[in-house]
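Engineer: To start, I am sharing the structure in question, which I have written as C-alpha cells.
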Amino acid sequence: MPSQSDETTVYIVWGLENQDLSSCHHTDYECTGRTVWDDRFDLNPTPSQKAIKDFCDTLHGLTEDEINALHIKRDLVTGELKIKCFMDNMYEFYDKLNADYYSNGTDVSMPVGEIEMQHIMKANPSIFDTSSLHDTFYRYFETGLGYWVTMGYTGQANTDYEEFRHLLGEELDQWDSTYTVPGTDMYGTRMKYAAISVTTSLPFGSIGYNSGMEILNAWETFVDNEMLKMPASVSNGFQCTCDVTNLWHWIEVQKTLADSAVKGIILGISLAFPVLVIATQNIIIGTLATVSIGLTTVCVIGMIPMLGWKLGVSDDMAT
C-alpha cells in the first residue's frame with residue numbers, strides 16, 4: 001500500500017478512452033491492459049480551445065462551497081487554488097506576444113487558428129518556411145503550442161515547459177509534421193492527450209470510503225456536467241487520480257471490501273443458525289447462540305467508527 005500523503009492530484013484528461021482490459025484475467029492485478037486513444041480529440045477548432053479556457057476559468061471561479069465539496073487545495077503563499085491549466089498560460093503568452101510585437105492591428109491572440117499562426121509564421125521566416133506548407137496544412141494549434149513552450153524556438157529556458165510537459169503529449173503527423181528552418185525542432189505535430197491538474201487536500205490512507213465516495217462522486221458529477229457544455233472534439237474528457245497513490249481506485253477497493261464483508265457476515269450468520277441448531281439439537285439454544293454471534297459482530301464493528309477508526313483491508317478480510 002502506498003505511503004500516506006496529505007494531498008492528492010486530480011487530473012482532467014482529454015485524448016484517452018477507458019483502458020482496454022479485455023486481455024487481462026480478472027485475477028491478474030498487474031495487468032494494465034491496452035491504451036485506447038480518443039481520435040476525436042482535437043484542439044485545432046477555436047471553439048474547442050475556448051471551451052478548455054472557459055473550463056479553467058470555471059475551476060478558478062468556484063464558490064467556497066464548491067471548493068470545499070471538491071476539497072481543492074490553496075497555495076499557502078498566494079491563497080490561489082492549486083490548478084495547473086496549460087490553456088491559461090498559453091493565453092497569457094499570446095496576449096503578451098500580441099501586445100508587444102503585433103501592435104499594428106494584426107491579432108495573434110488566443111484562440112489561435114490558421115490566420116493567427118500564419119501571421120506569426122510569416123513574421124518569423126528564420127523559423128518557418130511557409131512556402132513549403134501544403135494547402136491542407138491543419139495542425140496550426142500544435143504549431144502555436146510548440147511556439148509557446150519553446151519561447152518562439154529561441155532556446156531560452158521556459159518554466160511553462162517544465163510545468164506542463166507531463167500534461168501534454170504529441171506524436172508525429174504523417175502529413176503536417178515538418179522541421180523548422182534551422183532543422184533543430186519540429187512543428188505541425190498531432191496532439192494526442194492533454195490534462196489539467198488540480199491539487200486537493202485529500203490525504204491518502206486516512207479517508208474512509210463513505211466520505212471518499214461522496215467526494216469522488218462530486219468530482220465525477222462536476223466534470224461530467226462541464227463536458228456537456230463542450231464541443232464534440234473535447235467533450236470526452238474525464239477525471240481521475242493516476243498518481244502512484246491513485247486515491248479513487250483505493251476508495252473503490254475499500255467499498256468493494258466493505259460490501260463483501262457485510263455479505264460475508266450475513267452469509268456466515270445464516271449458515272451458523274442451522275449448524276448450531278443441529279449441533280445442539282435445541283432450536284432455542286441454536287437461536288440464542290446465533291443472536292450472540294450477531295450481537296458480538298455488531299459490537300466489534302460498531303466500536304470502530306465510535307473510536308474514530310476506519311475499516312482497513314485486513315479488517316474487511318478478517319470480517
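Engineer: Taking 37 °C and 0.692 mPa s as the conditions, I'd like the Stokes-Einstein D for the stretch 88-219 in µm²/s, using the Kirkwood hydrodynamic radius from alpha carbon pairs.
Structural biologist: Answer, rounded: 193 µm²/s.
Engineer: Another one. So which of LYS84/LYS192; LYS53/LYS255; LYS50/LYS122 end up more than 29 Å apart by C-alpha?
Structural biologist: Violating the 29 Å limit, Cα to Cα: LYS53/LYS255.
Engineer: When the Debye formula is applied to the Cα atoms of the stretch 1-59, each taken as the same point scatterer, what base-10 log of I(q)/I(0) results at q = 0.26 Å⁻¹?
Structural biologist: Per q value, in the given order, log10 I(q)/I(0) is -1.07.
Engineer: Shape verdict for the stretch 203-247, please, from the Cα gyration tensor: rounded (a/c under 1.5), prolate (a/b greater than b/c) or oblate.
Structural biologist: Taking the square roots of the gyration eigenvalues as a ≥ b ≥ c, the stretch 203-247 is oblate.
Engineer: Which order do you get for TYR91, TYR101 if you rank them by accessible area with a 1.4 Å probe, largest at the top?
Structural biologist: My answer, sorted largest first, is TYR101, TYR91.
Engineer: Okay, next question. For the chain, return all DSSP H helices satisfying: extent of Cα atoms along own axis at least 15 Å; mean Kyte-Doolittle hydropathy at least -1.0.
Structural biologist: Answer set is 46-60, 86-101, 209-227, 247-280, 283-306.
Engineer: Moving on. Please list LEU276, LEU271, LEU145 from largest to smallest accessible area, probe radius 1.4 Å, with all protein chains kept in place.
Structural biologist: LEU271, LEU276, LEU145
Engineer: Given the whole protein assembly as supplied and a 1.4 Å probe, what does the accessible area of LEU228 come to in Å², nearest 10?
Structural biologist: Counting only protein heavy atoms, LEU228 exposes about 140 Å² to solvent.
Engineer: Moving to a separate point now. With a 10 Å radius around each residue's Cβ, average the other Cβ atoms per peptide and rank 25-31, 175-181, highest first.
Structural biologist: 175-181, 25-31
Engineer: In addition: For a protection proxy built on the mean count of beta-carbon atoms within 10 angstrom, sort 122-128, 111-117 highest first, please.
Structural biologist: Per-residue mean Cβ counts within 10 Å order the peptides as 111-117, 122-128.
Engineer: Kindly identify the stretch 218-268 as rounded, prolate or oblate by the Cα gyration tensor criterion: order the square roots of the eigenvalues as a ≥ b ≥ c, call it rounded if a/c is under 1.5, otherwise compare a/b with b/c, prolate if a/b is larger, else oblate.
Structural biologist: Prolate shape, in that a/c is at least 1.5 and a/b is the bigger ratio.
Engineer: Taking the alpha-carbon centroid of each part, what is the distance from the stretch 133-167 to the stretch 173-246 in angstrom?
Structural biologist: About 19 Å separates the Cα centre of the stretch 133-167 from the one of the stretch 173-246.
Engineer: How much accessible surface area, in Å² rounded to 10, belongs to the heavy atoms of ARG190 with a 1.4 Å probe?
Structural biologist: 60
Engineer: I would also like to ask the following. If you line up the Cα atoms of the stretch 217-319 on their principal axes, what length do they span on each, largest first, in Å?
Structural biologist: Over the stretch 217-319, Cα extents along the principal axes are 71, 28, 22 Å.
Engineer: While we're on this one: Given [x] 25, 43, 21, 8, 2; [y] 34, 62, 4; [z] 29, 54, 15, 3, which label gives P(r) over Cα pairs in 20 Å bins from 0, in percent as computed from the coordinates?
Structural biologist: Entry [x].
Engineer: Rounded to the nearest 10 Å², what accessible area does ASP185 have for a 1.4 Å probe in the complete protein model?
Structural biologist: In the full protein context, ASP185 sits at about 60 Å².
Engineer: While we're here: Near the amide H of THR9, under 5 Å away, which other amide H atoms are found, from residues 5 or more places off or on another chain, if H is placed in the peptide plane?
Structural biologist: Hits under the 5 Å cutoff: THR200.
Engineer: Pairs of alpha-carbon atoms within less than 8 angstrom and 6+ residues apart define the contacts here; what relative contact order does the chain have, in percent?
Structural biologist: That works out to 25 percent.
Engineer: Does the stretch 18-160 come out rounded, prolate or oblate, given a ≥ b ≥ c as the square roots of the eigenvalues of its C-alpha gyration tensor, rounded meaning a/c under 1.5 and, failing that, prolate meaning a/b above b/c?
Structural biologist: It comes out oblate by the Cα gyration axes.
The values are calculated or read from the model by the stated rules, or taken from the named source; none is laboratory data. Nothing here was measured: the structure is a model prediction, and the numbers come from that model. Ideal geometry is used to build each Cβ from the backbone, glycine not excepted, and the neighbour counts take in all protein chains shown. Keep in mind that these areas ignore ligands, DNA and RNA; they rest on the heavy atoms of the full protein, side chains included. Shrake-Rupley method; radii C 1.70, N 1.55, O 1.52, S 1.80 Å.
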